[in-house]
1. Taking a probe of 1.4 angstrom, what is the accessible area of residue 95 in Å², to the nearest 10?
2. At a temperature of 4 °C and a viscosity of 1.567 mPa s, determine how fast segment 17-70 diffuses translationally according to Stokes-Einstein, using the Kirkwood radius over alpha-carbon pairs as Rh; express D in µm²/s, rounded to the nearest whole number.
3. Residue 170 accessible area, nearest 10 Å², 1.4 Å probe?
4. For the chain, what does the helix formula give at 222 nm: sum of -39500 (n - 2.57) over DSSP H segments with n ≥ 4, over the residue count, nearest 500 deg cm²/dmol?
5. Alpha carbon centre of segment 1-32 versus segment 157-199: separation in Å?
6. Which percent of the accessible heavy-atom area of the chain goes to carbon and sulfur, probe 1.4 angstrom?
7. What whole-number value in Å² describes the accessible area per residue of segment 15-160 for a 1.4 Å probe?
8. So what are the radius of gyration and Dmax for the Cα set of the chain, in Å?
Amino acid sequence: HAIDRQVINESLYFGDCEPTSQVFRAPLPAHVPGYDPFPYDPDRARALLAEAGLPDGFELTITTVTGNPTSEQNAAVVQQMLGEVGVDVRLSPMSSPEGSAAFNRNELEARSTVVSNRADSLGTLDFHFMPGGAGHMAEQAGDELSGLRDRLGQADDTEGQSQILQEMGRLVSDGAFTIPICFMNIQWASTTRVEGLDEMYYTAFGSGLDIRGLAMTTED
């Protein structure tokens, strides 16, 4: 609640990074329309600290990725915003391989990094959040996520599957296992011979490229 995502979007990304506090972006099925679990509300942040018995805040170390401007800039702005509600943030640079390994060993308090989702909701959940996934982001919710995944396999229609995926999306977002800042857009360039790029379903996803709708004409 202490993070003003719109300010980060405008100051660091020139308005081209869609602010969000939920994990999944439209049009992925796990995206919940109109859902904002952690809107900017510094007074609410201070009240929650007081409720937790930390009216004077606490100290927090955020590990950044050395040589990655996105990681470093985001962390610096978040450091300032958390400081305004009483959280004393220290930034600790670490290389990407070292940081990933330390995070997976549960040795870090927090890490500022760019997370690339998969091309579908379930792929992202399996990789980043499900028990045994590479991301190790939601171990505390493993049993509940596994139960929802079992229900997903039993759903026999698209609407039912989407509802379960949205439940999973809410679970990982509400738990703040990862705290999204904004969805970065990816720019693509092509020759005039390429058709369908503007309508490509996952144009906005860095690692979710789906080129099945693209075609190449024979002439310019």
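1. Rounded to the nearest 10, that gives 40 Å².
2. Details: Rh = 14.4 Å.
Translational diffusion coefficient: 90 µm²/s.
3. Approximately 100 Å² for this residue.
4. Working: 7 runs with 77 residues, N = 220.
It lands at -10500 deg cm²/dmol.
5. Spelled out, the Cα-based centre of one part sits 12 Å from the other.
6. Working: 6160 of 12320 Å².
That share works out to 50 percent.
7. Numbers: 7800 Å² over 146 residues.
That works out to 53 Å² per residue.
8. 19.1, 69
The values are calculated or read from the model by the stated rules, or taken from the named source; none is laboratory data. These figures come from a predicted structure and were not determined experimentally. A quick note on method: Cβ atoms are made from the backbone with ideal geometry, for glycine too, and the neighbour counts reach across all protein chains shown. To get the accessible areas, we keep the full protein, side chains included, count just its heavy atoms, and leave off ligands, DNA and RNA. Shrake-Rupley method; radii C 1.70, N 1.55, O 1.52, S 1.80 Å.
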